[in-house]
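Throughout, read-outs are computed from the coordinates displayed, never taken from laboratory work. Since we're looking at a predicted model, the values are computed, not measured. With ideal geometry, Cβ positions are generated from the backbone for all residues, glycine too; neighbour counts draw on all protein chains shown.
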Amino acid sequence: MRKVALALATVGAAVFVLPLVGLLVRAPWSTALEQLGDEASLEALRLSLVTSVVTTGISLVLGLPLAYVYATIPFRGRTLVRALTTLPMVLPPVVGGVALLFAFGSRGIVGEVLGWRLPFTTAGAVLAQVFVAMPFLVLTTEAGLRALDPRLVEAARSLGASPWFTFRRVTLPLLRPALVAGAVLCWARALGEFGATITFAGNFPGRTQTVPLAVYLQLERRPEDAIVLSIVLLAISVAVLVALRDRYLSALR
């Protein structure tokens, strides 16, 4: 049994490792820095960093209260609402982009009423990233909130602390590991977002062309640039996983 499990596990690991090895083998290491210093590549990197950081900030502002409500306030239909707000985690990103168009486009149910022009703008790229990335923060934070010892909160309240003071001085410090893990996962997902962004915001250099979109564009024009940018995203992803270590799994327990 162990031999069979080991053999199957080896094949399973190879499915993940071999594509990465292929990427590293084909990388033009001798000219990598030169290609990475290309103006288009630097602009895509800058835009990716800006939009992903803004996305994470918005997700923290909106996602933390959402997770708090899910974890502490029972209400009718909570399971359905939670499912809908975490649906982008499993929804094909292109479908998410189409849904955003019909909601926030110039003829969408919200965009037409408010007169918004979000599609094909940097703000539209941020909205697409928030749509697909915020659920990672919400789920991780909710799991962290549910894992907290309620007796600590009750003790603070029994001593006369207000709900806001208790949240700031008791709940939030205890929640910090889960919140950090969720924020980092959210940022990494936003950094790698492709389908919803290209569908809703387009692929315009300097405005909506993030690194994943630049990789897609350069794959046929300049494959070497696409490989170098792919390795940058790979390095960031590995760094995120190493930095988080066991925080994500412990937050879900």
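Over all projection directions, the Cα-based convex hull of the stretch 7-47 averages an area of 4.0 nm².
Per-residue 3J(HN,Hα) values for the stretch 74-84, derived from phi via the Karplus relation 6.51 cos²θ - 1.76 cosθ + 1.60 with θ = phi - 60°, read x, 8, 5, x, 4, 4, 5, 5, 4, 4, 5 Hz in sequence order (x marks Gly and Pro). Exposure proxy ranking for 224, 112, based on other Cβ atoms within 10 angstrom of each Cβ and starting from the fewest, stands as 112, 224.
Of all the options 106, 48, 30, the one that moves most in a Gaussian network model of the chain with Cα springs shorter than 10 angstrom is 30.
Each principal axis of the Cα cloud of the stretch 14-155 was evaluated for its coordinate range; sorted largest first, these ranges are 60, 43, 29 Å.
Cβ-to-Cβ counts within 10 Å put 61, 180 in ascending order as 61, 180, the fewest first. Taking the C-alpha atoms only, the angle from helix 122-147 to the longest principal axis of the chain is near 40 degrees. Packing around the peptides 181-187, 201-207, 20-26, taken as the average count of other Cβ atoms within 10 Å per residue, puts them in this order, highest first: 181-187, 201-207, 20-26. Across 240, 215, 11, mean-square fluctuation computed from a Gaussian network of the chain (C-alpha pairs under 10 Å connected) peaks at 11. Taking max minus min of the alpha-carbon positions on each principal axis, the stretch 121-213 gives extents of 56, 20, 15 Å, largest first. When 134, 1 are arranged by Cβ crowding within 10 Å, least crowded first, meaning fewest neighbours, the order is 1, 134.
Highest mobility in the GNM of the chain, judged by mean-square fluctuation with C-alpha springs under 10 Å and restricted to 83, 226, 44, is found for 83. Here the chain is treated as a Stokes sphere of Kirkwood radius computed over C-alpha pairs; at 20 °C and 1.002 mPa s its diffusion coefficient rounds to 105 µm²/s. With a ≥ b ≥ c taken as the square roots of the eigenvalues of the C-alpha gyration tensor of the stretch 35-97, please select rounded if a/c is under 1.5 and otherwise prolate if a/b is larger than b/c or oblate if it is not? The shape class here is oblate.
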